[in-house]
């Protein structure tokens, strides 16, 4: 069990699987989180490595390490009752007012995690995708966000257009941190069923910690070779109307669809691309009324 009582957030006892490391020098409050979805295994490994490696004397400010959904992780499930990464929108304030005994596992965990996200100057939430994908960063398209997103040197940085802020894109951990004045980032490390390189994820996490001022930089020459990613804006989505919905092909992240190309069909309704687009976040499990995928351009 990962717990400690030494934390800027004044709690007598921290929730399980959360650790706060207080640095010897002044600096930002940074949250690193993994396993928000229990079947995405890499994030927990990164968090636990930082748990053992980061020492107070080398840290500026405070580092909060969180294993998001340990119950789902133990059962190798994305979630038990609710998607934890969809509970940080307007509904979090409703959950705070409910009796704890009425909440499910993910709702209780959201309430436990929320105070740390509210205090964070920066959040790095480590995920993996449901379909094959190269690693990428998801965040807002502000100069401040992009400055730190570039540190990951991924091929793409993905962000939502103003008119595409539907519930699913406004209720995740990074959104919640942004809403409270911090900068939130989701690092999609690759396909959860593919080969995700742990050492690469650790290097990128350390570069992030150095970039935001938590650690002294050991990558002095990184700016000279920094790769500028393609900026992909999500500006459309495909919403199934029934369980008869099916994609025309087994899409992966960043597959390209041409203008007029059929993306999916649903009881005779045909979904076509209105312009050349990337397919982003294609889902395996189809839920009527919620996006089956997003479409983006750069």
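A few remarks follow.
- The sole residue among 128, 149, 144, 189 that is at pLDDT 95 or above, over 19 Å from residue 252 (Cα atoms) and surrounded by 21 or more Cβ atoms within 10 Å (Cβ to Cβ) is 149.
- Checklist (1) within 30 Å of residue 61 (Cβ to Cβ); (2) part of a loop (DSSP other than H, G, I, E, B); (3) at pLDDT 95 or above applied to residue 250, failing item: (1)
- Matching entry among 43, 23, 34 (being touching a residue at least 60 places away in the same chain (Cβ under 8 Å) and over 20 Å from the mean Cα position of the chain (by Cα)): 23
- In the stretch 38-69, of all residues being out of contact with any strand residue (DSSP E or B) (no Cβ under 7 Å at 6 or more places or on another chain), farther than 21 Å from residue 199 by Cβ and modelled with pLDDT of 95 or more, the one that is surrounded by the most Cβ atoms within 10 Å (Cβ to Cβ) corresponds to 69.
- Scan of the stretch 70-95 for residues that are assigned to a helix (DSSP H, G or I) and surrounded by 12 or more Cβ atoms within 10 Å (Cβ to Cβ), ordered by number: 70, 71, 72, 73, 84, 85, 86, 91, 92, 95
- In summary, no strands (runs of 3 or more DSSP E) completely within the stretch 124-236 bear 3 or more residues that are in the same structural domain as residue 251 (by TED's automatic domain parsing).
- Applying the criterion of being crowded, with 18+ Cβ neighbours inside 10 Å and part of a loop (DSSP other than H, G, I, E, B) to the residues of the stretch 256-282, the residue that is farthest from the chain's Cα centre (by Cα) is 273.
The values are calculated or read from the model by the stated rules, or taken from the named source; none is laboratory data. If you're wondering where the values come from, they're calculated on a predicted model, not measured in any experiment. Because the Cβ atoms are built from the backbone with ideal geometry, glycine has one as well, and the counts that use them run over all protein chains shown.
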